[in-house]
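> Here's a structure for you.
Read-outs throughout are calculated quantities, based only on the coordinates presented, and are distinct from any laboratory measurement. The shown structure was predicted, so the numbers you read here are calculated from the model rather than taken from an experiment. Here the Cβ positions follow ideal geometry from the backbone for every residue, glycine too, while neighbour counts run over all protein chains shown.
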Amino acid sequence: MPRKTTIIGILGILLYIVGCYDGLLVAPADRFMGDIQRIMYVHVPCAWNTLVCFTISLVAALGWLLSGARARAEGRAWKWDELLEATTEIGVVLGAFLVVQGMLWAKPTWGVYWTWDPRLTTVAVMELMFVAVLALRGFVDEPVRRATWSAVVTLVAYVNVPLVYFSVKWWASLHQVQSSPSTVDPAMVLPLRINAFAVLFMSIGLMGLRTQLARRQRQALLGESDSDSTASSGGAA
Amino acid sequence: MEPIAQCFTLARKELLLQWRTRARFGSVLVFGVTALLIFSFAVGPDSTALKAHASGYLWLALLLMSTLSLQESARLDVQNGALEALVLLPVDGRALYYAKALVNTITLGTLGTLLVPIVAVLYDASAKEGVGLLVLSVWLGAAALVAPGTLYAVLTSRARAGDVMLPLLLFPLVVPALLGSVKATEVIMLGDPMGRVYSWLGLVIAFDAIYWSLCGLLYPLLLED
Amino acid sequence: MLTARDLCKRHGAFWALRSVTIDIVGGTTTMLFGDNGAGKTTLVRLLASAASPTGGSISWFGSAEPARARIAMLSHADGHYDDLSAMEHLNMAESLLPRVGPGAPPRRSPAQLLEDVGLSARSGSLVRTYSAGMRKRLAFARLLQKNADLILLDEPYSALDPNGALLVDRLLGELHSLGRTVIVSTHQVERTAKHADNAIHLSGGRVIWTGLASDAPARVVAAEPG
Amino acid sequence: MTGVMQGHFDTVLWVYGLTTAGLLGYFATLLLRLRASKAPTSGQTRVSAQNPEKTS
């Protein structure tokens with residue numbers, strides 16, 4: 001029986017198809033930017049969900065750090081660590097899409113692949129910070145230590161995101177005014193909203209799979225079988 | 001012995017250790033100078049370009065030096081289990097952090113200050129808004145690098161590939177402080193008609209405030225085995 | 001004084017301790033012995049609160065929170081700074097340790113401690129220049145400085161020359177007469193047994209025997225060597 | 001589909017295509033990695049994660 005997160009994931013894919021169809025063919029083209037503006041229907045949902053993922057990582061990090069010794073001893077706290085690993089990786093993947101989409105949008109619009117647009121630059125810095133979290137997890141073997149260290153680094157990195165945005169905004173605004181799409185026609189809001197939920201549901205589906213993978217890898221590392229710690233963290237997402 | 005007093009004792013110990021290993025301090029400084037020289041080769045002898053970006057080069061050199069000095073000061077603690085001996089004494093985790101961060105700031109701030117005259121010579125840079133303000137911006141920026149740097153160093157000094165992990169973790173994080181410091185130093189050097197230096201320094205000070213408090217809270221968590 | 005229930009500790013897939021339960025009476029000296037990898041060092045580190053158990057619980061002086069000011073550990077890693085001298089280590093610790101309570105015995109001065117461990121001659125030179133034996137003597141001095149009620153020694157005799165070993169004998173005797181609670185993990189079973197009240201035999205992370213220290217050497221001789 | 005900047009529809013298709021490929025590709029890799037990390041044999045007695053002596 002596929003877990004409920006996988007069902008949500010499939011629902012997300014279906015919604016995504018509808019959203020893309022609507023965004024590509026049904027919604028009217030933007031008066032000034034023309035068709036290129038249609039990139040927004042995948043770009044903005046990815047942006048929102050990247051932030052959602054990293055926010056869940058923050059919650060997972062706090063969950064692990066605040067879990068008492070008893071919760072950890074009985075293995076109930078592992079679900080926070082699995083969630084952190086899952087949402088951080090998904091956030092990094094979505095963030096990578098964002099950067100690529102942003103560059104493909106920038107080339108026809110401003111003639112260069114990379115403008116120091118505060119939003120896109122913040123995404124790039126955020127990507128680097130959370131890739132570093134994943135790299136750190138790769139270099140620490142002991143599960144408890146890895147969980148605590150990555151939770152601490154996630155906390156420090158997350159607090160930095162607004163700071164990066166405002167400092168880059170100040171720093172970049174000296175050169176060119178920030179561009180944003182013209183007034184959003186109601187017919188354009190629909191595909192945007194559909195895809196926002198589509199990507200969210202897909203993320204939830206991915207989380208279900210990725211947390212399970214994280215648990216299996218940890219158990220394989222610890223050489224334990226399907227022990228009581230899984231009972232408590234069944235459907236993780 | 002309450003944490004504040006412990007912090008001063010530990011800071012004294014850190015300073016003594018830095019003094020005893022001052023040969024390393026000298027080599028990190030020489031490394032900084034070498035970096036400045038190499039930047040000029042990378043950019044070319046065009047003195048107007050060099051002068052315009054002198055503050056950028058100063059901060060790049062400081063950033064590279066910061067990993068060296070932070071890593072070394074963490075290694076001294078991890079070696080022989082000295083940090084664990086202190087934790088079991090017991091010593092308050094926050095006192096350990098602030099003592100080490102304070103002395104790391106002094107080390108990096110001194111290194112930065114010593115680089116300023118070299119930048120002035122190499123790139124024909126001068127401090128239009130006054131050398132005092134320039135040195136202040138160096139020290140505020142150094143403190144911004146050290147706050148998270150000290151936290152990460154105690155972690156990467158015990159992880160595999162720690163010497164790669166420290167810059168990988170630290171550099172993206174300090175982007176706001178780096179932007180603020182480079183801009184602040186730049187307007188100090190090249191003149192600041194619109195008086196924007198205080199807003200840039202304000203950004204660095206905000207970064208300092210956030211991370212000097214947050215990292216102090218998180219440091220003890222990294223000491224648990 | 002010190003009880004541990006079903007203590008377990010794992011490093012990755014390897015179980016270093018498998019459900020160890022012990023009960024240490026105050027004022028006694030307990031000897032831990034067993035082959036390498038039996039879990040002695042892991043048990044010492046857990047009891048010293050230097051590491052947290054994967055499973056099970058420990059209570060120090062009746063509370064689940066380790067009162068670290070009353071616990072002292074001598075571990076394999078001596079915890080010294082190579083660039084500080086013996087005197088500097090003791091002076092630093094002296095100012096870091098909490099002020100001695102009204103009823104508690106006064107702490108020995110750094111100079112006195114260095115005298116007791118035979119390091120006064122080299123007290124000013126950096127630890128970097130010390131031999132393994134001298135580093136161990138400084139570790140003893142730092143251990144004694146705390147006047148801890150619970151003292152854990154992990155193979156105190158290792159890396160010591162003959163008169164260094166005599167120093168350990170004197171130390172164990174002194175701690176015993178002071179009524180301190182001592183747990184010493186060792187390979188020198190015969191020698192340590194003279195100073196210990198009871199003993200625990202560890203093997204494969206489990207307690208396989210507990211009894212009087214005087215009966216311990218027999219167990220080691222009986223077990224086939226190697 | 002009028003619009004001032006005509007002819008950028010191919011870029012839009014590229015973006016949609018890459019994003020879709022990325023999302024589905026990530027789903028696929030996770031499914032493959034999950035299958036590769038075969039579920040622990042349920043036959044084994046269920047050893048407690050905290051205490052090898054106790055089977056939960």
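> Treat the count of other C-beta atoms within 10 Å as a stand-in for reagent exposure and order C:MET87, C:MET1 from fewest to most.
Neighbour counts put them in this order, fewest first: C:MET1, C:MET87.
> Does the protein assembly as shown come out rounded, prolate or oblate, given a ≥ b ≥ c as the square roots of the eigenvalues of its C-alpha gyration tensor, rounded meaning a/c under 1.5 and, failing that, prolate meaning a/b above b/c? List each step's numbers first, then the result.
Numbers: a/c = 3.09, a/b = 1.45, b/c = 2.13.
Judged from the Cα gyration tensor, the protein assembly as shown comes out oblate (a/c at least 1.5, b/c at or above a/b).
> Would you please classify the overall shape of chain A from the alpha carbon gyration tensor, given that a ≥ b ≥ c denote the square roots of the eigenvalues, rounded means a/c under 1.5, and beyond that prolate means a/b larger than b/c while oblate covers the rest?
Values: a/c = 2.95, a/b = 1.62, b/c = 1.82.
Verdict is oblate for chain A.
> To the nearest 0.05, what FRET efficiency results for B:THR34 and C:ARG170 with a Förster distance of 35 Å applied to their C-beta separation?
Details: r = 55 Å, r/R0 = 1.57.
The value I calculate is 0.05.
> Turning to a different aspect of this structure: Return the whole-Å distance between the Cα centroid of region A:95-128 and the Cα centroid of region D:11-35.
19 Å
> When Cβ neighbours within 10 Å are restricted to other protein chains, what is their mean count per residue of peptide B:75-87?
The mean count of partner-chain Cβ atoms within 10 Å per residue comes to 5.
> Going by the alpha-carbon gyration tensor, a ≥ b ≥ c the square roots of its eigenvalues, is region A:1-126 rounded (a/c under 1.5) or, if a/c is not under 1.5, prolate (a/b greater than b/c) versus oblate?
oblate
> How far, in degrees from 0 to 90, does helix C:86-96 lean away from the longest principal axis of the Cα atoms of chain C, to the nearest 10?
Between the helix axis and the principal axis of chain C, the angle is about 80 degrees.
> Can you work out the FRET efficiency for the pair C:ASN163 and C:ALA69, with r the C-beta to C-beta distance and R0 = 25 Å, to the nearest 0.05?
So, using R0 = 25 Å, E works out to roughly 0.20.
> Once the Cα atoms of helix A:186-222 and of chain A are each reduced to a long axis, what angle between those two axes, in degrees from 0 to 90 to the nearest 10, is obtained?
The helix A:186-222 is inclined about 20 degrees to chain A.
> Also: Mind checking B:154-160 for the average number of partner chain beta-carbons within 10 Å of each residue's beta-carbon?
4
> To the nearest 10 degrees, how steep is helix B:54-78 against the longest Cα principal axis of chain B, on a 0 to 90 scale?
So the inclination is approximately 10 degrees.
> Let me ask you something else. Identify the trypsin sites (Lys or Arg not before Pro) of region C:119-226 meeting these criteria: DSSP loop state and at most 13 other C-beta atoms within 10 Å of the C-beta. List each step's numbers first, then the result.
Numbers: sites: C:ARG122, C:ARG128, C:ARG135, C:LYS136, C:ARG137, C:ARG142, C:LYS146, C:ARG170, C:ARG180, C:ARG191, C:LYS194, C:ARG206, C:ARG219; in loops: C:LYS146, C:ARG180, C:LYS194.
Qualifying residues, ordered by number: C:LYS194.
> A follow-up question, please. At a threshold of 8 angstrom on Cα-Cα distance, excluding pairs fewer than six apart, so keeping six or more, what relative contact order does chain B reach in percent?
27 percent
> What is the calculated FRET efficiency for C:SER131 to B:LEU217, with r their C-beta to C-beta distance and R₀ = 35 Å, to the nearest 0.05? Before the final figure, lay out each step's value.
Details: r = 42 Å, r/R0 = 1.19.
Here the calculated transfer efficiency is 0.25.
> Something else about it: Could you work out how much longer the chain between C:ALA77 and C:MET1 gets when fully extended? Use 0.36 nm per residue separation minus the Cα distance between them, nm to one decimal.
Contour length minus Cα-Cα distance gives 24.7 nm.
> Helix-only estimate, please: 222 nm mean residue ellipticity of the protein assembly as shown, summing -39500 (n - 2.57) across DSSP H runs of length 4 or more and dividing by its residues, to the nearest 500.
Numbers: 26 runs with 462 residues, N = 744.
So the helix-based figure for the protein assembly as shown works out to -21000 deg cm²/dmol.
> Another one. Using the count of nearby Cβ atoms within 10 Å as a rough guide to exposure, how do B:VAL204, A:VAL159, B:VAL138 rank from fewest to most? Present the calculation step by step, with values, prior to reporting the outcome.
Details: B:VAL204 24, A:VAL159 15, B:VAL138 27.
Listing B:VAL204, A:VAL159, B:VAL138 from fewest to most nearby Cβ atoms yields A:VAL159, B:VAL204, B:VAL138.
> Using only alpha carbon pairs under 8 Å that are at least six residues apart, calculate the relative contact order of chain A and give it in whole percent.
On the way: 288 pairs, mean separation 95.5, N = 237.
In percent, rounded to a whole number, it is 40.
> Which of A:HIS43, C:HIS76 has the fewest other C-beta atoms within 10 Å, and how do the rest follow up to the most?
C:HIS76, A:HIS43
> Quick check on the protein assembly as shown: of the DSSP beta bridges with both residues there, what percent are antiparallel, nearest 5%?
Roughly 55 percent of the DSSP beta bridges within the protein assembly as shown come out antiparallel.
> Using +1 on the beta carbon of Lys and Arg, -1 on that of Asp and Glu, and nothing else charged, what's the dipole of the protein assembly as shown about the Cα centre, debye to 20?
Result for the protein assembly as shown is approximately 660 debye, rounded to the nearest 20.
> Once label points are set 7 Å from the Cα along Cα→Cβ at both A:LEU66 and B:SER27, what is their separation, rounded to one decimal in nm?
Once both label points are built, they end up 4.6 nm from each other.
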